[in-house]
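Okay, structure first, notes after.
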Amino acid sequence: GLPAALPALPLELTVLYNSLLCTVGASDSAIKGEAEGICQGLLRVLEACGACGQDLAMEELWQKVLQEVTVEELQAPLHRLGALQAAWWLAASRLGSVAGLFQLLSTAEDPSRAHCSEGQNELLSVIKAWRVPPEGASLPLVQSAKDLKEILCTAAAFLQGLQELEAGNFPTALSLLQEAAGGFCSKKMLAQIYTCLGCCAQRMGKPQTALQHLKRALQVDFQCLPALSHVAAVYHELGETDAEMQALTLLYEALGKNPPAAASSSPYFLLQTELLVHTPVLTSLLRHYHPSEVKYLLAQRCLQDGRVADAVDHYLDLLFLLQEGLQQQVPLDGSSALPRIPEVFLEAASALEQAGRHRDAITVCEEVISRTTNLIPRVLQVEERLEQPECPLPEAGLAGGLLSQKESLCCLAWRAAGYLHQGWAWAKLGESKEAVTQFSRCLSDLLRVQLHGSGVKRTENLQAEVEVLQKIRLLSLIGRGTQFLGLGRHKEALLDFQHSLQISPGDPAAASYLVQALWKLNRKQEAAAQWQKFCQGSPGEDGQQQGQERPLPLYLVSCLEQAMFPHSEPLARSIQDFLGAAAQDTSS
């Protein structure tokens with residue numbers, strides 16, 4: 001409450017500088033908001049000099065103080081306070097304000113030092129050009145201005161590198177991140193910078209360079225687990241499955257342990273780089289995986305790579321984790337590696353089927369069926385919405401609009417896929433009648449969907465779900481048809497294969513089974529004609545059509561493999577013999 005006095009101001013500003021640093025160091029959390037103490041300190045400086053700046057913004061206040069206050073004894077404390085102000089603005093990503101402030105500081109000292117050389121980063125140039133004021137022995141500082149300048153340079157390089165990385169300017173981002181890596185920071189922060197360097201190199205199409213940076217991050221701080229998850233992603237991109245699995249296994253084991261004390265973070269610095277850098281892009285790059293997400297990645301990769309026994313073990317562990325309720329800790333913003341829970345169960349069922357554990361697969365599918373039964377309406381109408389906005393409002397979903405349709409289609413697909421898997425599992429157990437029952441339930445479920453409109457301009461969000469349902473219907477018809485063949489019900493089998501070809505004209509499995517059904521019905525001339533028609537189809541066109549299709553959900557891949565026609569060569573020989581005999585009869 002005392003009036004400002006020039007002789008006391010150097011001490012007052014130094015005390016303010018030390019107290020702000022102590023407050024930041026004691027909280028040990030990211031700097032947010034404005035430093036009110038700095039504003040009050042500057043106003044007292046102006047008051048002592050007979051000026052006023054009550055209504056000025058902080059940038060204008062600093063400009064007025066540095067241009068109008070020429071008292072020599074105030075220059076050093078004002079410069080130190082200016083560096084502290086820059087820290088607050090860096091933490092708020094106000095890089096332009098920081099650059100302007102340091103230009104003022106350098107101009108007040110020496111006008112020639114404020115210019116940036118061509119090709120250099122302006123912000124880093126003006127910070128580096130700032131001459132640190134000398135420290136007086138009578139006014140000790142809790143953190144020197146020299147150290148603060150180094151921290152500001154590192155944080156400025158890191159922040160700008162992250163901005164360029166987010167904008168896709170990878171060469172510039174790489175240069176700035178390398179500048180930050182050579183700066184003044186803790187081991188924890190250095191590991192984070194190397195992790196970002198690895199991500200940048202990966203996006204530049206340089207996976208080996210990315211691995212070098214990520215391994216360097218782990219060498220600096222072995223607790224930087226996001227670096228390990230990025231290592232696994234790079235190995236996945238390279239197709240090195242063994243190395244990827246090893247990285248994921250290490251990550252899972254590390255997440256299961258109680259982490260020791262954090263890596264050394266230079267505790268003798270009250271203001272550190274990590275308190276200034278907390279942007280959404282950094283949070284995204286350094287996201288920590290939940291153990292259930294890593295376990296899913298292990299299970300998924302094993303299933304995709306044909307390591308069925310390992311996949312089963314991982315999926316069963318994962319189902320246990322999910323039943324324990326740990327999925328609640330997984331982020332729900334779409335960034336999670338974990339798919340929807342019913343899909344995890346269906347993938348587990350697929351792995352169990354491939355491992356020959358058919359009854360276990362049936363049990364897992366029953367869980368999906370029972371959990372989704374009450375979520376599906378008796379009739380689901382999918383309408384064309386040509387004028388549907390790209391981002392529908394949440395209220396639309398609650399009112400039965402596009403979002404609820406999408407969710408209902410997903411639930412229907414999961415339950416139908418459950419019946420589909422059960423059908424194939426019963427077929428493998430030799431229970432053809434039970435298999436027919438499950439395939440029929442799947443097809444009956446799919447009759448709930450009523451499509452309205454041309455089917456050509458269906459909204460993109462629903463198109464993907466409808467395509468999955470059509471694929472499930474195709475696989476179920478083929479599956480039921482094969483069981484009808486085994487039961488000697490050839491006419492019913494023929495109808496299913498004909499319907500399959502209506503859904504997917506030219507499908508190799510459906511076409512081959514159709515020929516076989518005609519052959520067994522002793523309609524050999526028709527069978528031969530269909531076979532010739534199928535063989536004359538252009539493989540290039542089929543391949544092009546398959547390339548345009550969306551990839552199948554992982555839980556349907558094993559069903560697709562089971563639906564493949566296994567007797568192509570014997571059937572082809574029989575038809576060729578028949579055609580050859582028919583040709584001889586004609587010539588004779």
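The values are calculated or read from the model by the stated rules, or taken from the named source; none is laboratory data. These numbers come from a predicted model, not from an experiment. FYI the Cβ positions are ideal-geometry reconstructions off the backbone, even for glycines, and counts take in every protein chain you see. Surface areas here come from the heavy atoms of the whole protein model, side chains and all, with no ligands, DNA or RNA. Shrake-Rupley method; radii C 1.70, N 1.55, O 1.52, S 1.80 Å.
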Tally the residues that are part of a helix (DSSP H, G or I) and closer than 17 Å to Leu286 by Cα, restricting the search to the stretch 177-190.
7
Given the conditions (1) open to solvent by 60 Å² or more (accessible area, probe 1.4 Å); (2) modelled with pLDDT of 90 or more, report the number of the one that Glu135 does not fulfil.
(2)
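For every residue, the table says whether it meets (1) surrounded by fewer than 17 Cβ atoms within 10 Å (Cβ to Cβ); (2) under 45 Å from the mean Cα position of the chain (by Cα); (3) of a type in the set (Phe, Trp, Tyr).
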position: Ala5; (1), (2), (3): yes, no, no
position: Leu9; (1), (2), (3): no, no, no
position: Gln54; (1), (2), (3): yes, no, no
position: Ala57; (1), (2), (3): yes, yes, no
position: Leu61; (1), (2), (3): no, yes, no
position: His79; (1), (2), (3): no, yes, no
position: Ala87; (1), (2), (3): no, yes, no
Can you confirm whether the stretch 169-176 contains a residue that is more than 30 Å from Ala86 (Cβ to Cβ) and not in a helix (DSSP H, G or I)?
no
In this structure, is Ala528 of a type outside the set (Asp, Glu) and in contact with a Gly (Cβ under 8 Å, 6 or more places away or on another chain)?
no
Scan Gly418, Gly401 and give me the residue that is open to solvent by less than 20 Å² (accessible area, probe 1.4 Å) and at pLDDT 95 or above.
Gly418
Only one residue in Glu395, Glu384, Glu407 is at pLDDT 75 or above and among the acidic types (Asp, Glu), so which one is that?
Glu407
List the helices (runs of 4 or more DSSP H) that sit entirely inside the stretch 201-318 and contain at least 1 residues that are more than 24 Å from Gly182 (Cβ to Cβ) and more than 17 Å from the chain's Cα centre (by Cα).
225-238, 241-256, 291-304
Of (1) at pLDDT below 85; (2) more than 26 Å from the chain's Cα centre (by Cα), Pro389 fails just (2)
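For (1) assigned by the TED database to the domain that holds Ser432; (2) of a type outside the set (Ser, Thr, Tyr); (3) surrounded by fewer than 17 Cβ atoms within 10 Å (Cβ to Cβ); (4) modelled with pLDDT under 85, each residue gets a yes or a no:
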residue: Tyr289; (1), (2), (3), (4): no, no, no, no
residue: Ser292; (1), (2), (3), (4): no, no, no, no
residue: Leu303; (1), (2), (3), (4): no, yes, no, no
residue: Ala348; (1), (2), (3), (4): yes, yes, no, no
Residue list for the stretch 470-518, restricted to those being among the polar types (S, T, N, Q), in a helix (DSSP H, G or I) and either closer than 17 Å to Glu561 by Cα or under 39 Å from the mean Cα position of the chain (by Cα) (or both):
Gln470, Ser476, Thr482, Gln483, Ser500, Gln502, Ser512
What are the residues in the stretch 18-48 that are open to solvent by less than 70 Å² (accessible area, probe 1.4 Å) and at pLDDT below 85, if any?
Val24, Gly25, Ser27, Ser29, Ala30, Ile31, Gly33, Ala35
Might you let me know whether the stretch 483-501 holds any residue that is out of contact with any helix residue (DSSP H, G or I) (no Cβ under 9 Å at 6 or more places or on another chain) and open to solvent by 10 Å² or more (accessible area, probe 1.4 Å)?
no
Taking the options Gly96, Gly168, name whichever one is open to solvent by 40 Å² or more (accessible area, probe 1.4 Å), at pLDDT 90 or above and under 20 Å from His278 (Cα atoms).
Gly96
